[in-house]
Amino acid sequence: MKTTLRAVLLAGLTSAALSSATAGAAAGTFSETDRQQVRAVFERQAEAATAHDLDAFSAVFAAPGEFGDPVTFVARPYQFWNKPAVIEHFRETFKGVWKFEPDLAQLRVIPLTADVAQLYAPTRITLGQSPADARTATYLVYEVAVRTPAGWRIGAIVPIAAQ
C-alpha cells in the first residue's frame, strides 16, 4: 500500500513539475513573430541610417534600464559604450555620406534566449565626408537585439570588415 501511495504521489509531483516547466518554456520562447519583429527593427535601422534620420535611428536602440545603458557600437577605429555616445557619433557621421545597405536576403536572426537575439547581415556601407571621397566596403554586421517594454530594440552593433 505504501508503494502505491508513494508511486501516485511521485507521479503527481512529476506531472506537476513537467506541466510547470512546459508552461514556463511556452511563456519564454522565441517565436516566429519575434523573429519578424527583430528583422523589422533592423530594417528600420537601415532605412533611418541611409536617410540620415537621427530621430528614427535613435528609436531603434534600447533605452537604459535597471542594469544601465546596454547600447554599444564597437568598430576597429572606435568604441562607443552608451546610446548618447552612439547617437552623437552618427550625428557627425550623417553630416557626410552614409549609406547602410544590408543584404536582407542573407540576414540571419538567431535567438539566444526568449528576450535576446543576434543578427548577422552582409552589408554594404558607403561613407565619406563628401560624395567625391566616399568609399563603399562590405561588412558582416553583427548586432544584438533585446526585448524591451517598447518592443525589440538594438543593443549592440559590431561591423566586421569582410575584405
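All of the numbers you see were taken from the coordinates with simple rules; none came from a lab. Values in this document were obtained by computation on a predicted structure and should not be read as measured data. Glycine gets a Cβ as well: all are built from the backbone with ideal geometry, and neighbour counts include every protein chain shown.
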_Could you check segment 104-153 and list, in sequence order, the residues that are in a strand (DSSP E or B), under 19 Å from Thr93 (Cα atoms) and among the aliphatic types (A, V, I, L, M)?_
Ile125, Leu127, Ala137, Val141
*asked:* Just to check your reading of the model, which residue among Val60, Val158 is touching a residue at least 60 places away in the same chain (Cβ under 8 Å), in contact with a Lys or Arg (Cβ under 7 Å, 6 or more places away or on another chain) and of a type outside the set (Gly, Ala, Ser)?
replied: Val60
*asked:* Six or more apart or on different chains, Cβ atoms under 8 Å: show the pairs whose first residue is in segment 126-138 and in contact (Cβ under 8 Å) with a residue 24 or more places away in the chain and surrounded by 10 or more Cβ atoms within 10 Å (Cβ to Cβ) and whose second is among the polar types (S, T, N, Q) and assigned to a loop (DSSP other than H, G, I, E, B).
replied: Ala137/Gln163; Thr138/Gln163
*Does at least one position in segment 72-86 carry a residue that is in contact with a helix residue (DSSP H, G or I) (Cβ under 6 Å, 6 or more places away or on another chain) and farther than 18 Å from Leu140 by Cβ?*
yes
*asked:* Here are the criteria: (1) surrounded by 13 or more Cβ atoms within 10 Å (Cβ to Cβ); (2) under 18 Å from Arg147 (Cβ atoms); (3) aliphatic (A, V, I, L, M). Tell me which single one Ile110 does not satisfy.
replied: (1)
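One line per residue, one yes/no per condition, for (1) closer than 14 Å to Ala156 by Cβ; (2) surrounded by 15 or more Cβ atoms within 10 Å (Cβ to Cβ):
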| position | (1), (2) |
| --- | --- |
| Val41 | yes, yes |
| Asp69 | yes, yes |
| Pro77 | no, no |
| Ala85 | yes, yes |
| Lys95 | no, no |
| Lys99 | no, yes |
*asked:* Here's a check for you: in segment 83-103, which residue that is of a type in the set (Asp, Glu) and part of a helix (DSSP H, G or I) is nearest to Ala63 (Cα to Cα)?
replied: Glu88
